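A.B. asks: What follows is a structure written as structure tokens; I'll ask about it next.
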Amino acid sequence: MKYLKVIAFTHKQVELKELGKLVVCQEDLTPKLQQIKDEFNIPEIFYLATCNRVAFVMATEQNITKDFAKKFIESMEIGICSHASKYFADAACIFEEQEALNHLLRMSCSLESLVVGEKEILAQVRKAYESARIAGLTGDYLRMVMNCAVKAAKEVYTYTNISKNPISVVSLAYRKLKDLKLCTNARVIIIGAGETNRNISKYLQKHKYSNFAVFNRTLSKAQELAADLNGEAYDLEALKTYNKGFDVIITCTSATQPIITTEIYKSLLNGETDKKTIVDLAIPNDTAPEILEQYPVNFIEVHSLNEIAQKNIQERYQELVHAEKIIDQNITEFLPQLKQRRVELAMREVPIKIKEIRQTAINSVFAEEVQGMDEQSRLILEKVMNYMEKKYISVPMVMAKEIMMEQ
């Protein structure tokens, strides 16, 4: 493992807004990494950038120090001054050998993420590696390392509950809605066009819901969200006169007083008496409490969802022990595989050398004797040499593997 090195900059040491300075745009990435590769004589490298980290994973014999990290950052030529490069270098986490493999596996399994258990990190790591592989920036060593990381992550996600229970309020709210088994043409009123409502509307759209009316204080923002959903857009005042009925209200605004008053709710019902659903993700709630007393409502609100989210977060952290055992087991299994592969690569020259010896023997050392043989004798000699060549090639390979496995 002496070749594996990781230089990582994470949210734990660097403010998120500062991390953005280390992000390299995709168009410039390959030439910059190739430049770094050549300048520092790094055989293999790939670069990863997520919302909470930037990392360089490399295979090299270089001794990675803080000074090296500073020169490395400056050589990337991404507009960072000498003072800033020292700040980043001092904040860099440097991992080498088995510690580097452990970090890469923990990262791929989302144990190092802002939100533990989010599977997206594995896809990001794989995509980063694949881009570098296609660009010719990686080789056999990092291929094996990545195979180990992907295997470990899949096992963690399969055999632990680290990602089972959702911890975002939006995903929890959608699950509650899903449990109600609403039909996909249910009439959905969305009040507020901020990020929260945008996110939950994406869930709904993904699962084929198609009947949306969007209300927002600023009409243009309502129109933007409605366009994404193929729905209708209204300003907030239009709630008072909207008469097309509804099955679900999803609301999240920054209002300090209820948006959905009893008068507005009664008007929105338009004479319907069946039980409706309100998803209120606002703090404080957008729904007047009297509505829940006077009308039959499935009420999904942010406070109870937050409680569930916190409980799920704790459950995820309890799974860390199981995840770390899986990672340790994968490292234990990987080390002899890596040694074996190194032997295989080192032994690639054996067949070539043996063939050269054979050709020298026939064409030079014993050339006269071979020429003096009759056809039958030459055929027998050829068979003997073919047999011995195969054996000479396989025997040292097998012996070398056995020796490596015994260490």
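A.B. asks: Restricting to region 318-328, name every residue that is surrounded by fewer than 15 Cβ atoms within 10 Å (Cβ to Cβ) and closer than 12 Å to residue 102 by Cβ.
C.D. replies: 328
Table: residues versus (1) modelled with pLDDT under 95; (2) of a type in the set (Asp, Glu); (3) over 19 Å from residue 187 (Cβ atoms).
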position: 279; (1), (2), (3): yes, no, no
position: 301; (1), (2), (3): yes, yes, yes
position: 309; (1), (2), (3): yes, no, yes
position: 323; (1), (2), (3): yes, no, yes
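A.B. asks: When the residues of region 184-215 are filtered to those that are part of a loop (DSSP other than H, G, I, E, B) and aliphatic (A, V, I, L, M), which remaining residue is farthest from residue 286 (Cα to Cα)?
C.D. replies: Once the filter is applied, the top-ranked residue is 186.
A.B. asks: Within region 78-93, count every residue that is surrounded by 15 or more Cβ atoms within 10 Å (Cβ to Cβ) and either more than 26 Å from the chain's Cα centre (by Cα) or farther than 23 Å from residue 58 by Cα (or both).
C.D. replies: Final tally of qualifying residues: 5.
A.B. asks: Grab the helices (runs of 4 or more DSSP H) fully contained in region 310-392, keeping just those with 1 or more residues being touching a residue at least 60 places away in the same chain (Cβ under 8 Å). Please lay out each step first, then the result.
C.D. replies: Details: elements: 320-346, 349-360, 367-371.
Filter on region 310-392 gives 320-346.
A.B. asks: Could you go through region 231-243 and let me know if any residue there is touching a Gly at 6+ places or on another chain (Cβ under 8 Å) and farther than 20 Å from residue 210 by Cβ. Break it down into steps so the answer makes sense when it comes.
C.D. replies: Here is the first cut: in region 231-243, the residues touching a Gly at 6+ places or on another chain (Cβ under 8 Å) are none.
No; the residues of region 231-243 include none that is touching a Gly at 6+ places or on another chain (Cβ under 8 Å) and farther than 20 Å from residue 210 by Cβ.
A.B. asks: In region 90-107, is there at least one residue being modelled with pLDDT under 90 and under 24 Å from residue 30 (Cα atoms)?
C.D. replies: No - not one qualifying residue is present in region 90-107.
A.B. asks: So is residue 146 outside the structural domain of residue 210 (by TED's automatic domain parsing), crowded, with 21+ Cβ neighbours inside 10 Å and free of Cβ contacts under 8 Å to residues at least 40 places away in the same chain or not?
C.D. replies: yes
A.B. asks: Return only the number of the condition from (1) of a type outside the set (Gly, Ala, Ser); (2) without any contact (Cβ under 8 Å) to a residue 40 or more places away in the chain; (3) within 21 Å of residue 140 (Cα to Cα); (4) in contact with a strand residue (DSSP E or B) (Cβ under 9 Å, 6 or more places away or on another chain) that residue 38 does not satisfy.
C.D. replies: Only one criterion is unmet by residue 38, namely (4).
A.B. asks: Follow-up question, since we're still on this one. If I go through region 150-179 residue by residue, how many of them are farther than 16 Å from residue 107 by Cβ, in a helix (DSSP H, G or I) and of a type in the set (A, V, I, L, M, F, W, C)?
C.D. replies: Total satisfying the criteria: 5.
A.B. asks: Here is a further query. Restricting attention to region 158-175, and to residues there that are of a type outside the set (Ser, Thr, Tyr) and surrounded by fewer than 17 Cβ atoms within 10 Å (Cβ to Cβ), which single residue is farthest from residue 283 (Cα to Cα)?
C.D. replies: 161
A.B. asks: Got a number for residues in region 216-245 being hydrophobic (A, V, I, L, M, F, W, C) and either under 14 Å from residue 265 (Cα atoms) or in a loop (DSSP other than H, G, I, E, B) (or both)? Full working, then the answer.
C.D. replies: First pass over region 216-245, keeping only residues hydrophobic (A, V, I, L, M, F, W, C): 219, 222, 225-227, 229, 233, 236, 238-239.
Remaining after also requiring either under 14 Å from residue 265 (Cα atoms) or in a loop (DSSP other than H, G, I, E, B) (or both): 236, 238-239.
Result for region 216-245: 3.
A.B. asks: Return the total of residues in region 87-108 being more than 16 Å from residue 54 (Cα to Cα) and either in contact (Cβ under 8 Å) with a residue 40 or more places away in the chain or of a type in the set (Lys, Arg) (or both).
C.D. replies: Total meeting the criteria: 5.
Residue-wise test of (1) in a strand (DSSP E or B); (2) farther than 29 Å from residue 164 by Cβ.
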{"site": "5", "(1), (2)": "yes, yes"}
{"site": "13", "(1), (2)": "no, yes"}
{"site": "37", "(1), (2)": "no, yes"}
{"site": "48", "(1), (2)": "yes, no"}
{"site": "67", "(1), (2)": "no, yes"}
{"site": "73", "(1), (2)": "no, yes"}
{"site": "85", "(1), (2)": "no, yes"}
{"site": "94", "(1), (2)": "yes, yes"}
{"site": "104", "(1), (2)": "no, no"}
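A.B. asks: Any residue in region 147-168 that is small (Gly, Ala, Ser) and under 20 Å from residue 7 (Cα atoms)?
C.D. replies: Checked against the condition, which is being small (Gly, Ala, Ser) and under 20 Å from residue 7 (Cα atoms), region 147-168 yields at least one hit.
A.B. asks: Another one. In region 184-210, which residues are free of Cβ contacts under 8 Å to residues at least 40 places away in the same chain and over 33 Å from the mean Cα position of the chain (by Cα)?
C.D. replies: Listed by number, the list holds a single entry, 185.
A.B. asks: Being buried (at least 17 other Cβ atoms within 10 Å of the Cβ), under 13 Å from residue 228 (Cα atoms) and among the hydroxyl-bearing types (Ser, Thr, Tyr), is that true of even one residue in region 202-211?
C.D. replies: Yes, some residue in region 202-211 is buried (at least 17 other Cβ atoms within 10 Å of the Cβ), under 13 Å from residue 228 (Cα atoms) and among the hydroxyl-bearing types (Ser, Thr, Tyr).
A.B. asks: Which of the following residues is under 30 Å from residue 253 (Cβ atoms), free of Cβ contacts under 8 Å to residues at least 12 places away in the same chain and not acidic (Asp, Glu): 268, 281, 305, 292?
C.D. replies: 292
A.B. asks: Here's a follow-up. Answer with yes or no whether residue 17 is within 21 Å of residue 103 (Cβ to Cβ) and not in a loop (DSSP other than H, G, I, E, B).
C.D. replies: Numbers: within 21 Å of residue 103 (Cβ to Cβ): no; not in a loop (DSSP other than H, G, I, E, B): yes.
When the stated conditions are applied, residue 17 does not pass them.
The values are calculated or read from the model by the stated rules, or taken from the named source; none is laboratory data. Quick caveat: nothing in here was measured; it's all calculated off a predicted structure. Neighbour counts run over all protein chains shown; Cβ positions are idealised from the backbone, glycine included.
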